[in-house]
Structures are given as C-alpha cells and as structure tokens.
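Notes follow the structure.
Values in this text are rule-based calculations from the coordinates and carry no lab data. Please read all numbers here as calculations on a predicted model, not as lab measurements. Neighbour counts run over all protein chains shown; Cβ positions are idealised from the backbone, glycine included.
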Amino acid sequence: MRYLIAGGWAAGTAAAQHLRKLDPSSEIAVVDAESVAYYSRPDLIDYLAGRKSRDQLFMHAQDWYGENSIALTSGRSIMHIHTSEHQVTLDDGSMLSYDRMLLANGASPFLPPLPGADQAGVFTLRTLHDADALLTRIIPGASFVVVGGGVLGLEAARSLAEREMRATVIEFASRLLPNQLDERSAQMLTEHLQSLGITAFLAAESQQVISGEHGAAGILLKDGRVAEGEFVLFSTGVRPNVAVAQEAGIATGRGVQVNDFMQTSAPDVYAAGDVVEHRGRVYGIVPPCLEQARVAAQNMVSPGTATYEGSIMSSSLKTCGVDVLSMGNVNPTQDQDVEAIQAQGQQTYRKVVLENGIIVGVILYGTTNGARQLQQAMRSHADLAAFRDRLADLDWDFTGI
C-alpha cells in the first residue's frame, strides 16, 4: 500500500506515525512545502523570545524519517491532484502515485486587504522563516504594532517585549481573546499586559498601514488614532489551504469537507488538521489536528473502522505568563437558559457555565486549581448542580467532584 501525505506539520507527521504502526510494510511519502523537517510551531514564540534555540524546535532527529521508512520531500508543494489516476503533480513537475492520500496541508495567515499591507515591514508569524525575519527587526527600546488580540498576537507581543521592545496590540473586538475569555477575565488580562508594558487598543478597526522611511511605520485606525512602530505584525487568523483541493474538484467550504471517517468527496483521499472542515467547523488548534490524524490514518489502513465526532473547543495555555483554561461555551447569549457561577480573587478567576446542571463551559484565569477535574467533567458531560456553592469558592480543592 502506498500512502501519500500532503503536509508535514502536526497532522501529517502524526498520521505518518500512526500509518507506520498500523501498516509496517507500507510505503509512506510526505511532501511538505517548508524546506525544513517538522518542528513545533507553538514553540516559535519561545524561539522569538530567546527562550529556545533553533535546534530545540525540531521534534525529531534528522535520521528519524529514514529509521521509520518515511520518505520526506521538503521544500516542494503539491500543485495538482489527479484523483482518477491516483497521482499528484509537484511544483517542480515531478509526479507521485498513491493508493490512499491524506491532505494535511494546513492553513495560511490571513492578511487583511488594507492599503499599505504589501510593503516592507509587514509580517505574519506562521513559519520558522517568518520568525527568523522578525528576529532581524529587533531593536531594543523600539516599538512595534501587533494587529490581532488573539493568543498568537498576544504571545508574539510578549515575546518581543522580553527582547526589550514596546508593543501596541490592536484588537477589533471590545476585549482581548474574545473567543476564550469573558469581560471580567479579559479585563484582568488587559491590566496584566499593561504591567508588562504592552498597550491594547480595543474596539479598534484598522484603516491602513502607514509608511515611513523604511517601510511600514504603524497603523492608522478608523477613529483617527495612530499606533506607531518600527514594523507591523498581523495576527488576524488563518485560512485553510483549499486551493489544491478545489482545483481537483474536491468539496470545500471554509475548509476541505470531510465526513466522520475523515474522508473527502474524492475516492481514497482523506484530510486532517487545519485544512479540514468537519460538520461545519474549522478548529485551527493542535489537539483536534492530532485526533483527526489518528482517525484518518486508521481509516486509510482499514476503512470505516474509526470515527471522529468532533472536538470540544479547549484552550489550555499560558498567555503572557498567566495560566488560562477555556473550554466550551464561555460566553453564553442571553437567550440561552444557562447559569454562570463565578469566583474571583485578586489575580485569579473561575467561571463555570451550567445548562440544566450539566457543565458546558469553563474559564480558569491565573489558576490551575480544578483544571483536571473540570476538563474531565466537560468530556463526560457531568451534572455539577450539587456543587453550585462550592464552585463559587475559588479555594475549593474539588474533592468529591
């Protein structure tokens, strides 16, 4: 059996590992657009801050691919998928054949179509090459602008602040991390950022990238405010890389559409990771990528033997030095019949959302107390109605939950 994987990042590499275990005698080929082998993209933040070296980013030793009989082609892209012939054409004109194929070619940063966004000094952060380019622009004491107040934008701002640069973060929403936090925890985060020397412009809409002597010099907002800097970093989300699938006639929406077996609309073509749309959802975070890779690999070896039911939206991370756990429905609308139980300390906050007693959402800010128990409760759809009073106590140790 010949397996071909388009994309060598988290989903592609995980799938290759599963395929090798499930089908030891198979041929496995991975084609990846980056010129280097698999590295941890989340760790680019540590690399940017100087907390990790370049070598520490890579997940496997150079000989790992050979030892596992995985043929890696780096620095090449699949340009055409010939689904009827079970072949692909690479960007150098060469062709590869497959019996079953996995699309794991990820997503690309979205750059808003603002005037001036195509000039020098405008950056995104998705690849090692992007991080290396940013490192060349570090000037201690200088300022820079980050457009986008999500996790990546805030972590990038903090990383360069550790390099003694001053950051201004521009967020279109009325609060930072609008998908992970509520008003109260977001305000706590904003105050924490101020203590690190990071300024946040909220409910701010960018109008154009302003120019200076050496390229981008900041952002002009529609309300007339100006955020000035030596360069501009856009962290405004990603878009699944669907062009190759579309050209091949494979069904796409926001991403490459798959069923619960991770099959696309094309015969013997599966998909996993950031490129995927499953039941109308595009996840864009690592845990679902790994779950999807496992299911896809099992079905590529033994079709119909594993199903993917979707993932609980969960973010467990350290944002700008603060522990944050966010799961499920943390910002219910007024028409939803739910109960939000909150507990707050000076630097810590907990919110648990119950629907008819069943836990449906969690925020932990500045604390890891109860994280394991609450995550398990979410996964098992536990009824926590009997613990209402204790959930309002920030110091409760979750005994008996």
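Taking Cα centre as origin and charging only the Cβ of basic (Lys, Arg, +1) and acidic (Asp, Glu, -1) residues, the dipole magnitude of segment 127-214 rounds to 100 debye. Scaled to the globular estimate 2.2 N^0.38 Å, the Cα spread of segment 122-234, given as radius of gyration, is 1.01. Farthest toward the positive end of the dipole of segment 57-201, out of SER94, LEU181, SER195, is the Cα of SER195, where the dipole comes from beta carbon charges about the Cα centre.
Taking ASP383, ASP55, ASP335 in turn, the Gaussian network model of the chain (Cα-Cα springs below 10 Å) assigns the largest fluctuation to ASP335. Averaging the Cα positions of each part gives two centres, and for segment 343-391 and segment 2-37 these lie 38 Å apart.
Taking max minus min of the alpha-carbon positions on each principal axis, segment 314-391 gives extents of 35, 25, 23 Å, largest first.
Overall form of the chain: oblate. Here a/c, set by the Cα gyration tensor axes a ≥ b ≥ c, is 1.5 or more, and a/b is not larger than b/c. DSSP beta bridges confined to the chain are antiparallel in about 60 percent of cases.
The ranking of PHE234, PHE123, PHE110, PHE261 by Cβ neighbour count inside 10 Å, starting from the fewest, reads PHE110, PHE261, PHE123, PHE234. In segment 134-226, a dipole from Cβ-located charges (positive for Lys and Arg, negative for Asp and Glu) runs towards its positive end, and of GLY215, GLY149, MET165 it is GLY215 whose Cα lies farthest in that direction. Shape verdict for segment 75-187, please, from the Cα gyration tensor: rounded (a/c under 1.5), prolate (a/b greater than b/c) or oblate. Taking the square roots of the gyration eigenvalues as a ≥ b ≥ c, segment 75-187 is prolate.
Which whole-number percent gives the relative contact order of the chain, counting Cα pairs below 8 Å spaced six or more residues apart? It comes to 14 percent, rounded to a whole number.
Counting only Cβ charges, +1 for Lys and Arg and -1 for Asp and Glu, the dipole size of segment 314-391 around its Cα centre is about 380 debye. As a ratio to 2.2 N^0.38 Å, the alpha-carbon radius of gyration computed for segment 128-192 takes the value 1.18.
Taken about its Cα centre, the chain carries a charge dipole of about 280 debye when Lys and Arg each add +1 at the Cβ and Asp and Glu each add -1 at the Cβ.
Going by how many other beta carbons lie within 10 Å of each one, how would you line up TRP9, TRP396, fewest first?
Fewest-to-most Cβ neighbours within 10 Å comes out as TRP396, TRP9.
Mind checking which lysines have their Cα closer than 29 Å to the Cα of LYS52? Skip sequence neighbours fewer than 8 apart in that chain. Straight-distance partners of LYS52: LYS318. Here the residues ASP130, ASP99, ASP32, ranked from fewest to most Cβ neighbours within 10 Å of their Cβ, fall in the order ASP99, ASP130, ASP32.
Along the charge dipole of the chain, which of PRO42, ALA392, ILE5 sits closest to the positive end, that is, farthest toward it, with unit charges on the beta carbon of Lys, Arg, Asp and Glu (+1, +1, -1, -1)? The Cα lying farthest towards the positive end belongs to ALA392. Over what distance in Å are the Cα centres of segment 271-285 and segment 160-238 separated? Computed from Cα coordinates, the inter-centre distance equals 28 Å.
If you take the square roots of the eigenvalues of the alpha-carbon gyration tensor of segment 225-306 and sort them as a ≥ b ≥ c, do you get rounded (a/c under 1.5), prolate (a/b over b/c) or oblate? It comes out prolate by the Cα gyration axes.
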